[in-house]
1. Between residues in segment 63-88 that are in contact (Cβ under 8 Å) with a residue 60 or more places away in the chain and of a type in the set (Gly, Ala, Ser) and residues that are open to solvent by 20 Å² or more (accessible area, probe 1.4 Å) and not in a helix (DSSP H, G or I), which pairs lie under 6 Å by C-beta distance while being six or more apart or on different chains?
2. Return yes when residue 111 is touching a residue at least 12 places away in the same chain (Cβ under 8 Å) and either at positive phi or surrounded by fewer than 24 Cβ atoms within 10 Å (Cβ to Cβ) (or both) and no when it is not.
3. Could you check segment 28-78 and list, in sequence order, the residues that are outside any helix (DSSP H, G or I), under 30 Å from residue 110 (Cβ atoms) and open to solvent by 50 Å² or more (accessible area, probe 1.4 Å)?
4. Take the conditions open to solvent by 60 Å² or more (accessible area, probe 1.4 Å) and touching a Leu at 6+ places or on another chain (Cβ under 8 Å) and apply them to residue 360. Does it pass?
5. Of all residues in segment 375-403, which are modelled with pLDDT under 95, touching a strand residue (DSSP E or B) at 6+ places or on another chain (Cβ under 7 Å) and assigned to a loop (DSSP other than H, G, I, E, B)?
6. Could you give every pair whose Cβ atoms fall below 8 Å, whose first residue belongs to segment 272-288 and is within 17 Å of residue 342 (Cβ to Cβ), and whose second residue is in a helix (DSSP H, G or I) and among the aromatic types (Phe, Trp, Tyr), counting only separations of at least 6 or pairs across chains?
7. List the residue pairs whose Cβ atoms are under 7 Å apart, where the first residue sits in segment 136-165 and is charged (D, E, K, R), the second is open to solvent by 10 Å² or more (accessible area, probe 1.4 Å), and the two are 6 or more positions apart or on different chains.
8. For residue 189, are the conditions met, namely being in contact (Cβ under 8 Å) with a residue 24 or more places away in the chain, closer than 21 Å to residue 34 by Cβ, of a type in the set (A, V, I, L, M, F, W, C) and surrounded by fewer than 24 Cβ atoms within 10 Å (Cβ to Cβ)?
Amino acid sequence: MPESTVCSAESALPQFHDVTSPYDGRVVGAVSLTEATAGEAVIETARVGARKARALSRGARGKILEGAATEIEQRSEEFALTIVSEAGKTIRQARKEVLRAVNTLRLSAAEARRNAGEVIPFDSYEGSEDRTGWYSREPLGIVAAITPFNDPLNLVVHKVGPAIAGGNAVILKPSALTPLSAQLLVDALVSSGLPPEALTIVHGGRELAGTIIRSRDVRMVSFTGGFSTGESIARTAGLKKLSMDLGGNAPVIVLDDADIEKAVESCVSGAFWAAGQNCVGVQRILIAAPVYGAFRRRFLEAADKLVVGDPSDERTDVGPMISPAALHELQTKLDEALGAGAVLLSGNVTDGNVLHPTVLEAVPTDSRLWKQEVFGPVVMFHQFSTFEEAIEVANAIEFSLHAGIFTDSLARAMDAAQQLEAGGVMINDSSDYRFDGMPFGGAKYGSMGREGVHFAYEEMTQPKVICIRN
């Protein structure tokens, strides 16, 4: 995931942050910066919000979330165009994100209504025959949600929806690059009946964020973003729950019995969707030697057909990267890898802030491009000889979200699913497949907790036991 970008608000005077299009640099909106010294006031508002949120019945929470889902669905094109303007996603991709956000809200509404706890069979234990009872799911109190730019609506809903379903108040800090979609979401929830104090959106810098993260009143910090920011949050937060989605470097294995056409179609989409700014996007494709040539030829042909450019154009497949700084950082890694012997097969061409789909092979496995999260429209091929070699190369990175494998053998698919060190293994599908109801998170270094509505709801609530002695 990208590192969080922050804006500073050091003056007591009202300040505004302009939001610009990553495609053409024009100003597309603005948000009011929260004063750096306003952290305590924000927390006090959230304290009030936590009491009001807790008092809402589960049915009321569900109704609010359903209402927001319906409003967003009715205004779906407005939301999609906002995503295009601030995040640079293509209009077709933005529409899909809006539909997913609607579904995530509805999943959250269902969770609010049904996940209330369970009966405990006290009388099944000797000495407790005269007791009966249950446990309920209770809110934590205040949840701080810090979100990235790449899914500026649905990734916000993945934190806010389950938190509200559980009866919590939320302090939301969206990416400074893409705050407009988050503001539209907040407005939809409040207009659907959520007490305004239960969802506070802030826009500010490190001092403000630090005050919120350190507060003992904040019971959980849910963060999606880069590793260094995640480490800083963990050091600052103290004794509270942490949920961290810190990015990936997805390997996809193509075995010699794979359906090459299906593998190519899925991997091209997985590598270049959202200009590759996708934490589960296809980054390293490990290809069996007997099919390497055929896969490479067809992949390059398919990638060459992608339409690159204006994200508002219905025909566009690949839009801009989020910022000139992000593009420069990726180009530096590309130059390093090429200087160390990597072979460029296509791409590495820029038009403004747009990087054309880029494909490399023979990338040194000790290069930053190979070892780190690319987060751009770049994919790398690696040829292997044995299944064991493919697994070893796939697992060599110290962090992982998803992996994929293409094969016609159920036995080898299941072997891979067991051996791949990842939070999810997609069989005969791209690593970037995600359903908003499934558990989502990483393996190995830095990953903590799971998103996906049911699983996030349980992270954001806690059990309370009630026992009655007859």
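1. Listed pairs, sorted by first residue: 67/192; 68/192; 85/28; 88/23.
2. Answer is no for this residue.
3. Within segment 28-78, 57, 75 meet the criteria.
4. Taking the combined requirement at face value, the residue does not satisfy it.
5. Result: 398, 401.
6. Sorted first by the residue in segment 272-288, then by its partner, the pairs are 284/370; 285/295; 285/299; 287/295.
7. 137/115; 137/116; 137/117; 137/463; 138/462; 138/464
8. Spelling it out, it is not the case that residue 189 is in contact (Cβ under 8 Å) with a residue 24 or more places away in the chain, closer than 21 Å to residue 34 by Cβ, of a type in the set (A, V, I, L, M, F, W, C) and surrounded by fewer than 24 Cβ atoms within 10 Å (Cβ to Cβ).
The values are calculated or read from the model by the stated rules, or taken from the named source; none is laboratory data. These figures come from a predicted structure and were not determined experimentally. Backbone-built Cβ (ideal geometry, glycine too); neighbour counts: all protein chains shown. SASA here: full protein model, heavy atoms, side chains in, ligands and nucleic acids out. Shrake-Rupley method; radii C 1.70, N 1.55, O 1.52, S 1.80 Å.
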